[in-house]
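The values are calculated or read from the model by the stated rules, or taken from the named source; none is laboratory data. Keep in mind that this is a model prediction, so the values were computed, not measured. All Cβ positions, even for glycine, are placed from backbone atoms using ideal geometry, and neighbour counts span all protein chains on display. These area figures cover heavy atoms from the full protein model, side chains too; ligands, DNA and RNA do not enter into them. Shrake-Rupley method; radii C 1.70, N 1.55, O 1.52, S 1.80 Å.
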Amino acid sequence: MSISVAIVEDDLGVQKALKAIVQRAPNLSFDGAYSNAAEAFERIVTNCPDVALVDINLPGKNGIKLVSELKAKLPKLHVMMITVYEDGDQIFAALQAGASGYMLKRSQPEEIVQGIEQLC
């Protein structure tokens, strides 16, 4: 069974790279990519993917607040924070908001795929 994945990332280069990783993985399916929290919230609540990859730093509302709002609507959604930060406070806040885990953007593609698969 395929794991559907939504991507919330405002850097279009990173967004494109994550989309390619998801599309190449045999057990994953791409559900959509969004550049801001407002659009992401609306589409993710509508589409109900299995996993959302969410950047911490988004324009407007940050990714941690988005996770909290998504988990309130979709408690079974798995959220993987994808970030450049190794800041323990940010990571702890994301986990408190309901994120299932986090990965660094510089992670290798196979690590990202494995991280997503381990959530489900």
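Quick notes
- Protection proxy ranking, highest mean first, for peptides 107-114, 85-92, 28-35: 28-35, 107-114, 85-92, where packing is the per-residue count of other beta-carbon atoms within 10 Å, averaged.
- Contour minus Cα-Cα distance for Thr46 and Asp10 (0.36 nm per residue): 10.9 nm
- Within the accessible area of the chain (1.4 Å probe), percent carbon and sulfur: 50 percent
- The charge dipole of the chain, taken about its Cα centre with unit charges on the Cβ of Lys, Arg, Asp and Glu (plus for the first two, minus for the last two), comes to roughly 240 debye.
- The lysine pair count for the chain, using Cα distances under 18 Å and pairs eight or more places apart or on different chains, is 6.
- Accessible area per residue in Å² at 1.4 Å probe, computed on the chain: 51 Å²
- In this label model, Asn57 and Ser2 are separated by 3.3 nm, measuring between points 7 Å along each Cα→Cβ vector.
- Contact order normalised by residue count of the chain, Cα under 8 Å, 6+ apart, percent: 24 percent
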